[in-house]
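The values are calculated or read from the model by the stated rules, or taken from the named source; none is laboratory data. Because the structure is predicted, anything quoted here is derived from the model rather than measured. Cβ: placed from backbone, ideal geometry, glycine included. Neighbour counts: every protein chain shown. Please note that ligands, DNA and RNA were not included when accessible areas were found on the heavy atoms of the full protein model with its side chains. Shrake-Rupley method; radii C 1.70, N 1.55, O 1.52, S 1.80 Å.
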Amino acid sequence: MDIINEFCGAEMDARGVAQLTIRNAGSLNILDTPTITGVRMGLEELAKNDRIRVLVFRAESEKAFIGGADIKEMSRLDQTSAETFITGLGALCETTRLFPVPVIARIPGWCLGGGLEVAAACDFRIAAPTAKFAMPEVKVGIPSVIHAALLPRLIGAGRTRWLVMTGATIDAATARDWGFVDAISETGKLDAAVEATVNELLACGHEALKAQKVLCRQWEELPLQDSIRNSIAIFGNAFLTGEPQQHMKTFLERKK
């Protein structure tokens, strides 16, 4: 693993599959300000690498994906410092969401609060069968904010209210049934499940996937007719990359 900074490491294989690993964040991979900043800087550095085709977002400890924001740090905040803290966490989530290629959250265990928001900002979420999910902020006197706003788009308004207003914990099967988790691995085979999704993505056009990710973000944000109009130019630009010609030729030759 190449160490980007104290809180973030990365490695990439010959296929262009990169692994971003949260480091030195304790057994539950808790997000304090230095960790938030370090991981965000790592993502920004990796985003400059055009050879990356897929990014797997993971953490050193197998007990959690991210166990939430650091309550010890938050307990010392006032209004101004609270806004600064949550702005930094929002920047990490947004950097994840805007990463130019597909991002897979590898979730081996707890995925709580700010960690669930980081996972929501990823494109895919693959969990171990023992993974647990919650938005427990209201239980410590604060609302769920920033990228919790993605949850209604993923699981619906009613289920979002249940999570953020009760602080309840749900298991991996429920998270999948609700549409938050995309796949649950067999016991002890989380990396194999992640690899299966990686292979599905690698079979697609690299530039096409990058364009599709842009469109998916626009669909989250723009009115319907604007999304439709904007997609026409993106479709046309795809034919400048050479990928349609290559992939369609391969498809047609396979059909002969």
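Dipole of the chain (Lys/Arg Cβ +1, Asp/Glu Cβ -1, origin at the Cα centre): which of ASN5, GLN246, MET165 lies farthest to the positive side?
Of the listed residues, the answer is GLN246.
Calculate the dipole size of segment 146-204 relative to its Cα centre from +1 charges on Lys and Arg beta carbons and -1 charges on Asp and Glu beta carbons; express the result in debye to the nearest 20. Don't skip to the end; give the middle numbers.
Details: 5 positive and 7 negative charges, 82 e Å.
It comes to approximately 400 debye.
Read phi for every residue in segment 44-51 and hand back ³J(HN,Hα) as whole Hz from Karplus 6.51 cos²θ - 1.76 cosθ + 1.60, θ = phi - 60°, with x for Gly and Pro.
Along segment 44-51, the couplings run 4, 5, 5, 4, 7, 8, 5, 7 Hz.
Restricting the count to DSSP beta bridges whose residues both fall in the chain, what percent are antiparallel, rounded to a multiple of 5?
35
On a 0 to 90 degree scale, rounded to 10, what angle separates helix 79-97 from the longest Cα axis of the chain?
Approximately 20 degrees, to the nearest 10.
Please list, in chain and number order, the residues 5+ apart from ARG53 or on another chain whose amide H is under 5 Å from its amide H, with Hs placed from the backbone.
Here the answer is VAL17, ALA18, since their amide H atoms fall under 5 Å of that of ARG53.
In terms of Cα to Cα distance under 26 Å, which lysines are near enough to LYS72, apart from those fewer than 8 places away along the same chain?
LYS63, LYS132, LYS139
How much accessible surface does ASP226 have with a 1.4 Å probe, in Å² rounded to 10?
50
Tell me which lysines have Cα within less than 27 Å of LYS249's Cα, excluding those fewer than 8 residues away on the same chain?
Within the straight-line limit of under 27 Å, LYS249 reaches these lysines: LYS210, LYS213.
Taking +1 at the Cβ of each Lys and Arg and -1 at the Cβ of each Asp and Glu, which of ASN49, THR80, ALA131 sits farthest along the dipole of segment 42-141 towards its positive end, judged by Cα position relative to the Cα centre?
Working it through, the farthest residue towards the positive pole turns out to be ALA131.
Using a 1.4 Å probe, what is the accessible area per residue for the chain, in Å²?
51
Is the shape of segment 162-222 best called rounded, prolate or oblate, per the rule: a/c under 1.5 gives rounded, else a/b larger than b/c gives prolate, else oblate, with a ≥ b ≥ c the square roots of the Cα gyration tensor eigenvalues?
Oblate.
Give me the dipole magnitude in Debye, nearest 20, for the chain about the Cα centre, with unit charges on the beta carbon: positive for Lys and Arg, negative for Asp and Glu.
So the dipole magnitude of the chain works out to roughly 700 debye.
Name the residues of segment 1-30 whose amide N is less than 15 Å from a point 7 angstrom out from the Cα of GLU253 along the C-beta direction?
Backbone N within reach: none found.
ALA47 versus GLU62, label points 7 Å from Cα toward the beta carbon: distance in nm?
Label at ALA47, label at GLU62, 3.2 nm between them.
log₁₀ I(q)/I(0) of the chain at q = 0.08 Å⁻¹, via Debye over equal Cα point scatterers, no solvent, to two decimals?
Cα-only, vacuum Debye calculation for the chain: -0.33.
Pop the C-beta distance of VAL138 and ALA238 into the FRET formula with R0 = 45 Å and round what comes out to the nearest 0.05. Can you show the working numbers first?
Values: r = 44 Å, r/R0 = 0.99.
Step by step, r from the Cβ atoms, then E = 0.50.
Taking amide H positions as placed in the peptide plane 1.01 Å from N, state which residues far from SER144 in sequence (5 or more) or on other chains have amide H under 5 Å from it.
The list, which skips near neighbours in sequence, is VAL138.
If you roll a 1.4 Å probe over the chain with all protein chains in place, what percent of the accessible area is carbon or sulfur?
That fraction is 57 percent.
Suppose only helical runs count, i.e. DSSP H with n ≥ 4. What mean residue ellipticity at 222 nm does that imply for the chain under -39500 (n - 2.57) per run, divided by all residues and rounded to the nearest 500 deg cm²/dmol?
Calculated mean residue ellipticity at 222 nm is -15000 deg cm²/dmol.
Quick one: 3J(HN,Hα) in Hz for segment 227-244, Karplus 6.51/-1.76/1.60 with θ = phi - 60°, rounded, Gly and Pro as x.
Here the 3J(HN,Hα) series is 4, 5, 4, 5, 6, 5, 5, 5, 4, x, 5, 4, 6, 8, 8, x, 5, x Hz.
For segment 173-255, state which chymotrypsin sites (Phe, Trp or Tyr not before Pro) are in a DSSP loop and have at most 11 other beta carbons lying within 10 Å of their beta carbon.
PHE239
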